Amino acid sequence: MPEWRECDRGAALLPEQSAGQRGGVRRHWGIENSLHWLLDVAFREDESRVRVGHAVENLALVRRLAVHLLKQERTAKVGIKAKRLKAGWDDAYLLKVLQR
């Protein structure tokens, strides 16, 4: 029976798998951490008080969709938070974001 060992994220890996998967795990967490940071800065996700029913999952999906759409819009040379605010203030810009 193979021996299991704990890796730094708590997932159990076989010794022969650990060396090859370490880079994949790090890349995954790097992407996950950068997305979380972006959602927290642009949408203040950590401060969200939504806790009822499926609202948490629904808003998370809407936020991620908004991040995707705002990243696709390249005419405004500002960050995601500024693009989000601009789309809230300017209907023409909002339509430009949504038509991508």
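Before moving on, here are some points about what is shown:
- The helices (runs of 4 or more DSSP H) falling completely within segment 15-100 that include 1 or more residues that are at pLDDT below 90 and surrounded by 10 or more Cβ atoms within 10 Å (Cβ to Cβ) map to 15-43, 55-72.
- Only residues that are in contact (Cβ under 8 Å) with a residue 24 or more places away in the chain and among the hydrophobic types (A, V, I, L, M, F, W, C) were counted across segment 56-99, and they come to 6.
- Where residue 60 falls short, out of the listed (1) touching a Phe, Trp or Tyr at 6+ places or on another chain (Cβ under 8 Å); (2) among the small types (Gly, Ala, Ser); (3) within 18 Å of residue 34 (Cα to Cα): (1)
The values are calculated or read from the model by the stated rules, or taken from the named source; none is laboratory data. The shown structure was predicted, so the numbers you read here are calculated from the model rather than taken from an experiment. Using ideal geometry, Cβ is built from the backbone for each residue, glycine included, and neighbour counts are taken over all protein chains shown.
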